[in-house]
């Protein structure tokens, strides 16, 4: 498993850089003004159920020191949300470990985002509408059925 | 700026000037020469002599094919058949300490044609001999193309009529197709082109050195190659941006004129007003829709995150709640501390200093088993609890928030459709409007309007794309710089090459800065100088308000109330504008070149002649002006103005009309 | 031909050393003469400049 280095940097797969640049250039999904931390957590969320180790060249994307208190809950829950035993709770109450998992989730998440964008053939409006539509189903599955 | 001066012109067998010379008055307070000659004597031929010398063209001859050959007719007639006659014109220019002699010569062979003798063209030669006054022994002689380059630096042929001015040909001056030529030539004579050439040259060197650096390091080479591509993209995008802005301004100006014309026509005024309001509404809605799209994008991202992570958020909150309700949060005792005591076989209790025996350790172990979370975990969980609750709550509000967004979009879209629909109706009405007035063809103007609106849209698109490319390319170049720096730091062997590249980049940046500063200042400088001179020449002080020169170097004159009036200037006003523009270009170019004017006051009405003559006299204090008058133009009033300050010379034809008299031989 | 006053004024305002300004002036003069079709004079000018003004250690100036 690729370990997050003891340093401050959070990495993504280098191959997604040009894709993200394209989203920024065309201002798709508000990417033009979006900081890297935000795009990262979006990818984490999309790939949260399929973490994949990044075996290729990595690129420094954002920093741990940029995670504010208001963000911490979300980042922490990626790992803590899988704890089933007390031992796991104690082990998983660790932001560095959570970030390691987040990097793996983002590896998948960026791929999912890219596939969806490619399906829309670069049509930003179509891409956004499809993502919006997907949220309806997600809400029904995740929230309504849970209430 | 010290003036550049035409010191002397020498003729050899050239047309009616034959062999002789004219020295110009370069030493006085006013650098002013007046040559008076009847039409047909040789005024225009003098101008032709200058342009033939510099460009090998007699620009003032309408039809060169049917014109007389260059050699003086009397000389041809006297010569034996087979003789080679040399025709030459030499122009001496003074530029500070430099003396530059431009000499063009051509051989002509005398032949018999019927009863007449004529000539056939032979080889021509052109040189520029440059001598420093302080070092007469070392004259640099440039030939042909190199001499042409010297001419271009002073009197670029593309804008020859800004130096050698024919007052009778004002129409050509402001022709639309001239403006791009003017722009390029202004850059050339102000040496902006020189800066561009230097930059291009240094860029090629940089690339060559980077290849050297990358020879044994293909990764570096890839980075340099990518950087060159980005630089090329950046250059293209900048040009595109500049073109787009020029097109935008032009379209906006045209639309303003059209709208003004239409709104002045009473039968359609209410449509115009309604249209203006609707267009404002559409613009406002466009902004609102843009904001909506931004808000929608934020919403999609936020809920993609919240809903995908919802199970994890819920699960995390659930286990926090469970720990809290079972009293395990916060733990009464620090689990890690207890574990440490057990692992280290501590001898005494850190709290009460009591001895820790075997029973105590059993008790501690039981305690440890009861404690499920450490203090660190407890703090961690407590820190995130309230945020988790808020995020889960926010996730549950998805439907309401989405509904609000949908409603907002529906509302904006409906308003936009309504406004656009009505606009379409009005446009259709106006496009088919049958004007009663002969002065205004509404449907024609409407069609023009549509055309210019489409051009404006296209220009805005070009600008948007260019700006985007510029931002991306600049960022990429910076990123690549950083990557290259990382790589090259490790390669000591390439130090010298790296240093050279660094110097090259610094100079390129420097030249680019100089060029941009000169270019941006130049247009506005030309504009304000043109206005100042024009205003001083014109007697009407309440009519003209301003002059505008756009990035394409097209001139527009405005009245005091902002109406465009370039097309309705009188001949005198056109003359004044042409002079003003010419003088402004000279000033802005950084080179104070002389002006040779044929018929300087020919088209100027009597009451303005004196005024204009005085202005030209004033200008001649700092700039050489050579004027070719007819006796009629050189009225007594004008004579009075120039008599004490100008070198005056009269030219007339000899009795057999073979040669111009008044030239020094 | 002499480099225009405008260019010389702008050059004097650049935030670079006097030695580099002199180098840039020399480059422009050469460009003006028309030796642009080969780079040897430029290379020599730059090498002379570097040997008289060795760069300080500490990475690229930006």
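Quick look at the numbers
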item: Filtered residue count, the range B:135-149, keeping only those that are in a strand (DSSP E or B) and more than 10 Å from chain C (Cβ to nearest Cβ); result: 7
item: Verdict on residue B:516 being part of a helix (DSSP H, G or I), out of contact with any helix residue (DSSP H, G or I) (no Cβ under 9 Å at 6 or more places or on another chain) and farther than 21 Å from residue B:188 by Cβ; result: no
item: Test set (1) in the same structural domain as residue B:511 (by TED's automatic domain parsing); (2) modelled with pLDDT under 75; (3) surrounded by 14 or more Cβ atoms within 10 Å (Cβ to Cβ) - residue B:218 fails condition number; result: (3)
item: Yes/no for residue B:461 being within 30 Å of residue B:231 (Cα to Cα) and surrounded by fewer than 16 Cβ atoms within 10 Å (Cβ to Cβ); result: yes
item: Unique residue being farther than 22 Å from residue B:46 by Cα and more than 34 Å from the chain's Cα centre (by Cα) when the list is B:664, B:644, B:622; result: B:644
item: Total residues in the range A:31-71, condition farther than 17 Å from residue A:114 by Cα and part of a helix (DSSP H, G or I); result: 8
item: Test: residue in the range B:366-385 that is surrounded by 15 or more Cβ atoms within 10 Å (Cβ to Cβ), farther than 30 Å from residue A:33 by Cβ and within 60 Å of the chain's Cα centre (by Cα); result: yes
item: Residue match in the range B:296-307 (condition: under 38 Å from the mean Cα position of the chain (by Cα) and either more than 14 Å from chain A (Cβ to nearest Cβ) or closer than 30 Å to residue A:142 by Cα (or both)); result: yes
item: Given (1) more than 8 Å from every other protein chain (Cβ to nearest Cβ); (2) within 18 Å of residue A:26 (Cβ to Cβ); (3) under 20 Å from the mean Cα position of the chain (by Cα); (4) touching a residue at least 60 places away in the same chain (Cβ under 8 Å), index of the condition residue A:109 fails; result: (2)
item: Every pair of residues 6+ apart whose Cβ atoms lie under 6 Å, when the first sits in the range B:246-273 and is assigned by TED's automatic domain parsing to the domain that holds residue B:434 while the second is surrounded by 15 or more Cβ atoms within 10 Å (Cβ to Cβ) and modelled with pLDDT under 85; result: B:246/B:551; B:246/B:552; B:249/B:550; B:265/B:440; B:272/B:263
item: Any chance residue B:152 is touching a helix residue (DSSP H, G or I) at 6+ places or on another chain (Cβ under 7 Å), within 13 Å of another protein chain (Cβ to nearest Cβ) and within 27 Å of residue B:85 (Cα to Cα); result: no
item: Selection within the range A:118-144 - under 29 Å from residue A:63 (Cβ atoms) and away from chain B (no Cβ under 13 Å); result: none
item: Test: residue in the range A:129-136 that is assigned to a helix (DSSP H, G or I) and in contact (Cβ under 8 Å) with a residue 12 or more places away in the chain; result: yes
item: Unique match (being in a helix (DSSP H, G or I), under 30 Å from residue B:521 (Cβ atoms), out of contact with any strand residue (DSSP E or B) (no Cβ under 7 Å at 6 or more places or on another chain) and within 14 Å of another protein chain (Cβ to nearest Cβ)) among B:206, B:238; result: B:206
item: Elements of type helices (runs of 4 or more DSSP H) contained in the range B:338-452, each with 2 or more residues being within 30 Å of residue B:268 (Cβ to Cβ); result: B:398-431
item: Among (1) in contact (Cβ under 8 Å) with a residue 12 or more places away in the chain; (2) touching a helix residue (DSSP H, G or I) at 6+ places or on another chain (Cβ under 7 Å); (3) within 20 Å of residue A:18 (Cβ to Cβ); (4) within 14 Å of chain A (Cβ to nearest Cβ), the one test that residue B:472 misses; result: (1)
item: Those residues of the range B:308-341 which are within 17 Å of residue B:376 (Cα to Cα) and within 7 Å of chain A (Cβ to nearest Cβ), in sequence order; result: B:316, B:319
item: Per-region count, the range B:426-442, residues surrounded by 13 or more Cβ atoms within 10 Å (Cβ to Cβ) and within 22 Å of residue B:277 (Cα to Cα); result: 7
item: Within the range B:378-402, tally of residues that are without any contact (Cβ under 8 Å) to a residue 40 or more places away in the chain, within 30 Å of residue B:333 (Cβ to Cβ) and within 7 Å of another protein chain (Cβ to nearest Cβ); result: 3
item: Given (1) under 27 Å from residue B:510 (Cα atoms); (2) crowded, with 19+ Cβ neighbours inside 10 Å; (3) within 23 Å of the chain's Cα centre (by Cα); (4) at pLDDT below 80, index of the condition residue B:195 fails; result: (4)
item: Candidate set: the range B:119-134, residues that are more than 38 Å from the chain's Cα centre (by Cα) and part of a strand (DSSP E or B); chosen: the one nearest to residue B:658 (Cα to Cα); result: B:119
item: Among the candidates B:232, B:237, B:147, residue that is under 30 Å from residue B:44 (Cβ atoms) and at pLDDT 90 or above; result: B:147
item: Inter-residue pairs, beta-carbon under 7 Å, first more than 9 Å from chain B (Cβ to nearest Cβ) and in the range C:1-28, second in a helix (DSSP H, G or I), 6+ apart; result: C:12/C:21; C:19/C:49; C:19/C:52; C:25/C:11; C:26/C:45
item: Among the candidates B:412, B:445, residue that is over 30 Å from residue B:288 (Cα atoms) and either surrounded by fewer than 15 Cβ atoms within 10 Å (Cβ to Cβ) or in contact with a helix residue (DSSP H, G or I) (Cβ under 9 Å, 6 or more places away or on another chain) (or both); result: B:445
item: Selected residue (only one of B:346, B:355 is farther than 26 Å from residue B:405 by Cα, more than 11 Å from chain A (Cβ to nearest Cβ) and surrounded by 13 or more Cβ atoms within 10 Å (Cβ to Cβ)); result: B:346
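Conditions (1) touching a helix residue (DSSP H, G or I) at 6+ places or on another chain (Cβ under 6 Å); (2) facing chain B (nearest Cβ under 10 Å); (3) at positive phi, marked per residue:
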| position | (1), (2), (3) |
| --- | --- |
| A:9 | no, no, no |
| A:37 | yes, no, no |
| A:45 | yes, yes, no |
| A:52 | yes, no, no |
| A:64 | no, no, no |
| A:80 | yes, yes, no |
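The values are calculated or read from the model by the stated rules, or taken from the named source; none is laboratory data. Everything numeric in this text was worked out from a predicted model, so none of it was measured. FYI the Cβ positions are ideal-geometry reconstructions off the backbone, even for glycines, and counts take in every protein chain you see.
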